[in-house]
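The values are calculated or read from the model by the stated rules, or taken from the named source; none is laboratory data. Since the model is a prediction, treat every value here as computed from it, not as a measurement. Here the Cβ is made from the backbone with ideal geometry for all residues, glycine too, and neighbour counts use every protein chain on show. Quick note on the areas: whole protein, heavy atoms, side chains included, nothing else; ligands and nucleic acids left out. Shrake-Rupley method; radii C 1.70, N 1.55, O 1.52, S 1.80 Å.
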Amino acid sequence: ERMPDGMQHEPREQSVFDGVDTSIRGIARLTGLRDDELNKELAAIERDATAAQEHFNALDPRTVIAALTGGLMHTRQARATINKLDGQTDARFEADLLLARKEREFADALRLATGVRVDALVDTETVAPGDSCNVAVRAFVGDERLGRVRELNLRAPAGWQVERIAAPQKNDALGVGRETPQTVAYFRVTVPLDAPPTQPYWLQRPRKGDMYEWAKDDPQTLPFAPALLSGEATLDAGGPFVVTSPVEYRALDGVRGEVRRELNVVPELDVQLEPKLVILPRSISRRPAALDFTVQLTNNVRRTTESDGEAIVTGGAGPRQPLEPRPWRKVPEATGYRFTRPGERATMKFKLSPPPALKPGTYHLDASTASSFYALARSGPSRWFYMSQHTLSYPHIQLHRYYTGTDATVRVFDLKVAPVRVGYVMGSGDEVPQAIERMGLKVTMLNEQDLAAGDLTRFDTIVVGIRASQARPDFVANNQRLFEFMQQGGALIVQYQRPDYARLNLPPFPAQQEVKAQNGSTSIARVVDETAPVPVLQPAQPAFNFPNKITADDWRGWVQERNLYNFTTFDPRYVALLEAHDAGEAAQMGGEVYARVGRGHYVYTSYAWFRQLPAGVPGAYRLFANLLSLPKAPPQSH
């Protein structure tokens, strides 16, 4: 095709880097540096990199040592030159950022070429403020002709005390008596009393809405902060360079073999308050009984600690703040504790008496405990602890701990539930049984034997947990027994299931759960907007009238979606009870459907009860209480 006069064909792009100078000397032009003072250093770096590539011999690393050493030296000189330039702040910053990466690349290449390995081990996985631990920094050099270790050091946060010590006695945790390094140095590290616990940097401050908050000096581009302690080896391979390694705790797992964990700072005392959530029906709150709470303490320090067992209940974010609204009366129990080693536990119990005629609302309670610390001199200031530890531990990732306050929530609202006997078929795991017990009902967890041969008629209502059709083969195998349970008058409440639930014909009547697109793919029907309107399609149905009268307020304050894995089509014998949909989408009426089965009741409800009930959403409790109460509802047409 001819182009108009004066116009030329643009070359076809072959790569996203077309037109971009990716050479080392291109750093100055790419970042906009105006001075040509960096050209000499950049040209030298480029020559070193080219020489290392051309002379590389995997069987003889000595061929590249000189080029890599020169490249590291010239990169450092280039960074020093940048710092001397005037003005051009943004350009200097960008250029230094690129050269810092180049410096790391040369250092890593030197480490690989020389075969040096630095292994830093600590003798404990966790350490509390005020305690000490021992660290061994070990260097292994395959061929000392390629590189020689000059010095070993330990890098620690500001305020931590680090001192060199002599080699300890045989200690597998530190590798003493096992591997033989070329050189090793031992250190004792003491953690300051004000050291914060180790947790992801983006969890150290409260969130603002859905946004995480962190300080400017936090490593904002990294998923987690670097290790607290790092071992350093300064080596000479024709020039000095440093190899670092995070300090780790090494242990032997009987199944997985060697397991390594980074050193974590943990609070002196881990304080766990139970229960976290109390539901107080308004009818009971007029003359409330004392609420039972338990505080479990776990000791994390290696020195003796003790206390008179005083527990403080507050209404603020920290200890010794007054509880509002007054008066809430704490009935203490005299339980002290004395810890002499890490891992010891103590349990403190107390009762909290709310005032009569407590108004509907949400009340946040905090608990803390005081402990007098006794060092070797057996003296020390009184300290307060009110942090609860939570652990994320999976075989394929590093273990992570995070911390919350020792708080509990008391929610007061109108709630009634019929005195039904409830059985529960747990699926993949949820906290709905605990929520049912907060309503004042006893819950019996049903195992395989119960489903296969147990007396199901002793229950009025059986609730099926999320994803039971995937997680419980016995639920699938004994589905006919649940069908007979409904025919005899029982209510079966099935929470959301994956599409295999319908494909296996587990509902009492036909239904589908998948949406097929024109390209042949399938998707699920769900409503992700937790504020989406939810019109009631059958206002006279007992599910919305007994024992709680459901109103629009019961759909307020929901968290993280309305429903998921709805029925998309279903047999006419089902009655759709609710409708909800996201903005701009078609109406979805398969989120909660009801059917009569014999003398009993069947409800498939894919609304996110497993999220709402643990969160203490009042309307969710009222709605779910009505579903549980269906067998006791007044007779009427459905």
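Some observations on this one:
- If you go through region 470-505 and keep only what is open to solvent by less than 10 Å² (accessible area, probe 1.4 Å) and assigned to a loop (DSSP other than H, G, I, E, B), you end up with 490, 497.
- Selection from region 604-622 of residues that are part of a helix (DSSP H, G or I) and open to solvent by 10 Å² or more (accessible area, probe 1.4 Å): 610, 611, 618, 622
- Any hit, region 182-193, residues being modelled with pLDDT under 95 and exposed (fewer than 14 other Cβ atoms within 10 Å of the Cβ): no
- Count of region 271-291 residues which are under 12 Å from residue 408 (Cα atoms) and part of a loop (DSSP other than H, G, I, E, B): 2
- Among the criteria (1) among the aliphatic types (A, V, I, L, M); (2) in contact (Cβ under 8 Å) with a residue 60 or more places away in the chain; (3) more than 30 Å from residue 342 (Cα to Cα); (4) not in a loop (DSSP other than H, G, I, E, B), the one residue 33 does not fulfil is (4).
- Residue count for region 506-519 under the criterion of being over 14 Å from residue 567 (Cα atoms) and open to solvent by less than 60 Å² (accessible area, probe 1.4 Å): the result is 1.
- Scanning region 225-241 for residues that are part of a loop (DSSP other than H, G, I, E, B), out of contact with any helix residue (DSSP H, G or I) (no Cβ under 8 Å at 6 or more places or on another chain) and open to solvent by less than 40 Å² (accessible area, probe 1.4 Å) yields 227, 229.
- Considering only residues in region 560-580 that are in a strand (DSSP E or B) and open to solvent by 10 Å² or more (accessible area, probe 1.4 Å), the one that is nearest to residue 611 (Cα to Cα) turns out to be 576.
- The residues listed here are 244, 294; of these, the one that is of a type in the set (Val, Ile, Thr), open to solvent by 20 Å² or more (accessible area, probe 1.4 Å), part of a strand (DSSP E or B) and over 30 Å from residue 152 (Cβ atoms) is 294.
- Among residues of region 269-291 being crowded, with 16+ Cβ neighbours inside 10 Å and hydrophobic (A, V, I, L, M, F, W, C), the one that is farthest from residue 437 (Cα to Cα) is 269.
- Every condition in (1) in a strand (DSSP E or B); (2) surrounded by 18 or more Cβ atoms within 10 Å (Cβ to Cβ) holds for residue 199 except the one numbered (1).
- Condition broken by residue 557, with the remaining ones in (1) assigned to a loop (DSSP other than H, G, I, E, B); (2) open to solvent by less than 30 Å² (accessible area, probe 1.4 Å); (3) in contact with a helix residue (DSSP H, G or I) (Cβ under 9 Å, 6 or more places away or on another chain); (4) not aromatic (Phe, Trp, Tyr) satisfied: (2)
- Lone qualifier among 499, 473 - being out of contact with any helix residue (DSSP H, G or I) (no Cβ under 7 Å at 6 or more places or on another chain), touching a residue at least 60 places away in the same chain (Cβ under 8 Å) and over 26 Å from residue 417 (Cβ atoms): 499
- Residue check, residue 424 over 30 Å from residue 357 (Cβ atoms) and within 27 Å of the chain's Cα centre (by Cα): no
- Of everything listed in (1) in contact (Cβ under 8 Å) with a residue 24 or more places away in the chain; (2) within 20 Å of residue 632 (Cα to Cα); (3) part of a loop (DSSP other than H, G, I, E, B), the single unmet condition for residue 539 is (1).
- Criterion: in a helix (DSSP H, G or I) and open to solvent by 30 Å² or more (accessible area, probe 1.4 Å) - qualifying residue of 50, 75, 81, 69: 50
- When residue 526 is tested against (1) open to solvent by 70 Å² or more (accessible area, probe 1.4 Å); (2) modelled with pLDDT under 95, just one condition goes unmet, and that condition is (2).
- Any hit, region 192-210, residues being within 16 Å of residue 402 (Cβ to Cβ) and among the charged types (D, E, K, R): yes
- Residue pairs meeting the criteria (Cβ under 8 Å; at least 6 apart or on separate chains; first free of Cβ contacts under 8 Å to residues at least 12 places away in the same chain, in region 166-187; second open to solvent by less than 30 Å² (accessible area, probe 1.4 Å) and in a loop (DSSP other than H, G, I, E, B)): 169/176; 170/176
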